[in-house]
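This is the structure I want to talk about, given as structure tokens.
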Amino acid sequence: MASSNTTRDRILQASLALFNAQGLAAVSTHKIAAELGMSPGNLHYHFKAKQLIVEWLFRRFEQRLEVLNGSAGSITAIDDLWLALHLRFEAIDQYRFIYRDMAFLAGEYPALGQRAQALTAQNLLAAQALCEGLVASGVIETSAEQARILALQMVFTTTCWLSFERLVPGRDALAQADPGLAAFYTLTLISPYVSSESRAYLDYLRGKYLG
């Protein structure tokens, strides 16, 4: 018999896949139980309500971004920045229902909406530290005010990317995004300010993603 922790993790993994594939509003605990081939009563033994499942998944997402935010100030090169953005978009895409379905999530679970606001504030501080570090290391050349605006633009893009993707003609509204391409497009925000020494890698990425 599977341990309680193993069963809980199976429920969380199945829930994450269903939320991502079908949307948070469309998935009930009964649907999750059916996906796992277990009775609703067994699922409720581990998670009394859908909200608890969402809270667990949200916390895992928070932890992923907190790690990335903690290392933001140490980025001093274009390739490091691209990797950091790529990892951020991977995390966002793995838990894509959170940002994609944020209006529903915040309305249904106000406490999680408040935590999302706090996480956004942390993301802004990390992005500001990142931009300040890039200026200090000579990777980008810009004023302190423009660096602050760049940080805001980067957080806006990473937060709203999935919502934007849903509006692009021909895209599957619930499909998985390309973290590398999303990272590249975000990276181009700083393109006008990149120093000549760092432009070669940016041009390499441009050739890789845009042919």
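Given the peptides 197-205, 130-138, 156-164, arrange them by the average over their residues of other C-beta atoms within 10 Å, most packed first. Kindly include the intermediate steps, with their values, before the conclusion.
Numbers: 197-205: 15.3, 130-138: 19.0, 156-164: 17.4.
The densest-packed peptide leads the list: 130-138, 156-164, 197-205.
Mind checking which of GLY37, GLY138, TRP82 is farthest towards the positive end of the stretch 35-163's charge dipole, using Cβ charges of +1 (Lys, Arg) and -1 (Asp, Glu) about the Cα centre?
GLY37
Sum up the charges of everything whose Cβ sits under 13 Å from the Cβ of LEU85, counting Lys and Arg as +1 and Asp and Glu as -1, but leave LEU85 out.
Details: positive: ARG88; negative: ASP79, ASP80, GLU90, ASP93, ASP178.
Neighbourhood net charge equals -4.
Assign unit charges at the C-beta atoms only (+1 for Lys and Arg, -1 for Asp and Glu), then state the dipole size of the chain relative to its Cα centre in Debye, rounded to the nearest 20. Don't skip to the answer; put the middle values down first.
Values: 18 positive and 19 negative charges, 140 e Å.
It comes to approximately 680 debye.
Where Lys and Arg each count +1 and Asp and Glu each count -1, what net charge lies around LEU189 among other residues with Cβ under 14 Å from its Cβ? Numbers along the way, then the final one.
Values: positive: ARG88, ARG148, ARG206; negative: none.
Counting the neighbours of LEU189, the net charge comes to +3.
How far, in nm, would the chain grow between SER163 and GLN13 when pulled straight, counting 0.36 nm per residue and subtracting the alpha carbon separation?
51.7 nm
I would also like to ask the following. So for HIS46, HIS30, fewest C-beta neighbours within 10 Å to most, what's the order?
So the ranking, lowest neighbour count to highest, is HIS30, HIS46.
Let me ask another. May I ask for the net charge around LEU12, where only other residues with Cβ less than 15 Å from the Cβ of LEU12 are counted and Lys, Arg are +1 while Asp, Glu are -1?
Value of the local net charge: +4.
Where a number appears in this text, it was derived from the coordinates with a stated rule and is not lab data. What you are looking at is a predicted structure, and each value in this text was computed from that prediction instead of being measured. Here the Cβ is made from the backbone with ideal geometry for all residues, glycine too, and neighbour counts use every protein chain on show.
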